[in-house]
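If you scroll down you'll find the structure; I have some questions about it.
The values are calculated or read from the model by the stated rules, or taken from the named source; none is laboratory data. The model shown is predicted, which means the values in this text are computed figures rather than measured ones. For neighbour counting, all protein chains shown are included, and Cβ atoms are generated from backbone atoms with ideal geometry for every residue, glycine included.
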Amino acid sequence: MIRLYQFQPALGLPNASPFCMKVETFLRMAGLSYECPRDADLRKAPKGKLPYIVDEGAVVSDSSFIVDHLKRKYGDPLDSHLGAAERAAALACQRMLEENTYWAVLYFRWIDEAGWALTREAFFGWMKPPLKWIVPPLARRSVRRELHGHGMGRHARDEIVAIAKKDITAAADFLGDKPFFLGARPSSLDATAYAFLANILWVPLESPLKAHAQTYPQLAAYCARMREKYYGNQ
Ligand SMILES: N[C@@H](CCC(=O)N[C@@H](CS)C(=O)NCC(=O)O)C(=O)O
């Protein structure tokens, strides 16, 4: 059985980490059985990040390496029909969400004050003093450093909003009126797209990103379609 090490469900989603939710969604889409040990620990993660999987002794870290591993080992029912141009477009859209939009999401959860109040409670609310006073500001400082290192954190709030809005518009236009990102058939890009869009639209945080995503009804309809198909509306 594949073991998926990820954060516990939070913010009303299967996972508040879009990367974890991507892998869980991919496993469901590919029809692979898995379990999620409850003792997943960031400190034990091979690359210091979640998700990672253990599959018959093989430890694979990073959501994209995990997807590659699963495709190699169990076959590729989701993407094998795609042509080169579709694969290229899918990769570009995936990279946009994972390597760019993600950092704006991170900013609105960890740095912007409204998001931080929610994040602090959701991720650290269970801690007892003195840990609940010490750990959250340290974690926030570390995210601030990462945002600065990536570059997104060097922009003003309005600039970050402008960058993220372009990504959300691009995703909405890419989807258009298709049921799934690449047409009538779901592909692995949908694991990424659903994870990121649900993490914007369905979290209880009224961010400018969410407001912008809400102006494209096809995005909410898409997320609802994915949830119903792969999570049975849980
Ligand atoms: N490229 C990685 C990114 C994973 C990632 O950034 N995970 C975040 C949660 S969304 C994490 O574990 N952060 C903890 C930390 O950086 O300390 C992947 O695709 O899996």
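Just the residues that are of a type outside the set (Lys, Arg), more than 15 Å from Arg28 (Cβ to Cβ) and in contact with a strand residue (DSSP E or B) (Cβ under 9 Å, 6 or more places away or on another chain), please, taken from the range 66-92.
Asp68, His69, Glu86
Restricting to the range 39-93, what's the tally of residues that are surrounded by 18 or more Cβ atoms within 10 Å (Cβ to Cβ), over 27 Å from Asp167 (Cβ atoms) and within 11 Å of the ligand (Cβ to nearest atom)?
The qualifying residues number 3.
Which residue pairs have Cβ atoms closer than 6 Å, lie 6 or more positions apart in sequence or on different chains, and pair a first residue in the range 209-228 that is surrounded by fewer than 16 Cβ atoms within 10 Å (Cβ to Cβ) with a second residue that is of a type in the set (Val, Ile, Thr)?
none
May I ask you to list pairs of residues, at least six apart or on different chains, whose Cβ atoms are under 7 Å apart, with the first in the range 45-56 being closer than 16 Å to Lys22 by Cα and the second being outside any loop (DSSP other than H, G, I, E, B) and at pLDDT below 95?
Partner pairs satisfying both residue conditions: Leu50/Leu42.
Quick one: which helices (runs of 4 or more DSSP H) lie wholly within the range 77-153 and hold at least 2 residues that are free of Cβ contacts under 8 Å to residues at least 40 places away in the same chain, in contact with a Lys or Arg (Cβ under 7 Å, 6 or more places away or on another chain) and over 18 Å from Asn15 (Cβ atoms)?
131-150
Quick check on Cys36: is it buried (at least 17 other Cβ atoms within 10 Å of the Cβ) and near the ligand (Cβ under 10 Å from one of its atoms)?
The answer is no for Cys36.
Looking at the structure I just gave you, is Leu201 closer than 25 Å to Thr119 by Cα, free of Cβ contacts under 8 Å to residues at least 24 places away in the same chain, touching a helix residue (DSSP H, G or I) at 6+ places or on another chain (Cβ under 9 Å) and not small (Gly, Ala, Ser)?
In short, yes.
Quick grid of which residues meet (1) loosely packed, with under 11 Cβ neighbours inside 10 Å; (2) in contact with a Gly (Cβ under 8 Å, 6 or more places away or on another chain):
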residue: Thr119; (1), (2): no, no
residue: Phe124; (1), (2): no, no
residue: Pro129; (1), (2): yes, no
residue: Pro136; (1), (2): no, no
residue: Val143; (1), (2): no, no
residue: Glu146; (1), (2): no, yes
residue: Arg154; (1), (2): no, no
residue: Ile160; (1), (2): no, no
